[in-house]
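The values are calculated or read from the model by the stated rules, or taken from the named source; none is laboratory data. Nothing here was measured: the structure is a model prediction, and the numbers come from that model. When we count neighbours, we look across all protein chains shown, and the Cβ atoms used for this are built from the backbone with ideal geometry, even at glycine.
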Amino acid sequence: MRLKEIILNIIGVFLIVVGVVAILYAFYLGTPSLILWFCYMGSIMMGLGVLRRSNLLILSQVNILLIPALVWSLDLFYILVFQDSFLGITDYFFREPLFARIISLQHIYNVPLALIALFIIGKNQDRNIKYAWKFSFAQVAVIFVLSRIFLTREDNVNWAYYGGFSAPIVLPGLAYAFLWFIGVFLMILLTHYAVAKIAMLRR
């Protein structure tokens, strides 16, 4: 087995394990609603994509997770360096048990691992990769609807009810939903075309 294949298999299995452990821990805590977080299912789906050598599946999840992961990491590192809250996104991190913190750290390394896998796999592995953004948007739309139907405002999974900054973004129901979809749609498109164009998916 070539070194590249070994690396891909390790990355794929690791991402799946991270996602599965996060979901099992959510059930252990008695908060199964957490499984709808994009990062939990995204980790598993990226892992499956790597094992299947499907850059379509990998990129569909990177489209959803890259920008939120960057913002999350920026907020965390700001607190670590300046010992003060910044955006308020990761304030919860320092109130969690150690194991929960370890799980939350997936925001830092999951997407970079997926991008490494995309680079190794290469662009021509999946000719349908140009449709990845459509898969991404369909996925977030379904999860948003499920979150609004089955979860509560207190859960606020994926910020389905209000923006979770230190100064929350609160708008009337339909207005917030419209803003949420516009923001997520632009985020997905920006990530998709940036990753697809900037050499990460080599020919």
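Residue count for the stretch 103-129 satisfying the condition of being surrounded by fewer than 16 Cβ atoms within 10 Å (Cβ to Cβ) and either within 17 Å of the chain's Cα centre (by Cα) or modelled with pLDDT of 95 or more (or both): 5.
Out of Ile23, Ile7, Ile64, Ile16, I need the residue that is buried (at least 16 other Cβ atoms within 10 Å of the Cβ), touching a residue at least 40 places away in the same chain (Cβ under 8 Å) and assigned to a helix (DSSP H, G or I). Which one?
So the residue among Ile23, Ile7, Ile64, Ile16 that is buried (at least 16 other Cβ atoms within 10 Å of the Cβ), touching a residue at least 40 places away in the same chain (Cβ under 8 Å) and assigned to a helix (DSSP H, G or I) is Ile64.
Of the residues making up the stretch 77-86, none is of a type in the set (D, E, K, R), surrounded by 14 or more Cβ atoms within 10 Å (Cβ to Cβ) and out of contact with any His (no Cβ under 9 Å at 6 or more places or on another chain). The set of residues in the stretch 146-163 being assigned to a loop (DSSP other than H, G, I, E, B) and touching a helix residue (DSSP H, G or I) at 6+ places or on another chain (Cβ under 9 Å) consists of Leu151, Thr152, Asp155, Asn156, Ala160, Tyr161, Tyr162. If I filter the stretch 178-202 down to residues being of a type in the set (Val, Ile, Thr) and modelled with pLDDT under 90, which single residue comes out as surrounded by the most Cβ atoms within 10 Å (Cβ to Cβ)? Looking at the filtered set, the residue picked out is Val195.
Would you check if there is a residue in the stretch 180-192 being out of contact with any Phe, Trp or Tyr (no Cβ under 7 Å at 6 or more places or on another chain), closer than 23 Å to Leu36 by Cβ and among the hydroxyl-bearing types (Ser, Thr, Tyr)? Yes; the residues of the stretch 180-192 include at least one that is out of contact with any Phe, Trp or Tyr (no Cβ under 7 Å at 6 or more places or on another chain), closer than 23 Å to Leu36 by Cβ and among the hydroxyl-bearing types (Ser, Thr, Tyr).
Yes or no, residue by residue, for (1) small (Gly, Ala, Ser); (2) within 15 Å of Val140 (Cα to Cα); (3) more than 12 Å from the chain's Cα centre (by Cα):
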position	(1), (2), (3)
Gly12	yes, no, yes
Gly19	yes, no, no
Pro32	no, no, yes
Cys39	no, yes, no
Ile44	no, no, no
Gly49	yes, no, yes
Arg52	no, no, yes
Leu59	no, yes, no
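Scan Ala100, Ala132, Ala138, Ala175 and give me the residue that is among the aliphatic types (A, V, I, L, M) and crowded, with 18+ Cβ neighbours inside 10 Å. Just a single option satisfies the conditions, and that option is Ala132.
Applying the condition of being small (Gly, Ala, Ser), closer than 16 Å to Phe38 by Cα and in contact (Cβ under 8 Å) with a residue 60 or more places away in the chain to the stretch 141-172 and asking which residue is surrounded by the most Cβ atoms within 10 Å (Cβ to Cβ) yields Ser147.
Ser85 meets the conditions (1) within 18 Å of the chain's Cα centre (by Cα); (2) farther than 19 Å from Thr31 by Cα; (3) not aromatic (Phe, Trp, Tyr) in every case but one. The failed one is (1). Against the test of being over 20 Å from Gly183 (Cα atoms) and not basic (Lys, Arg), the options Ile67, Ile116, Ile143, Ile89 yield a single qualifying residue, Ile116.
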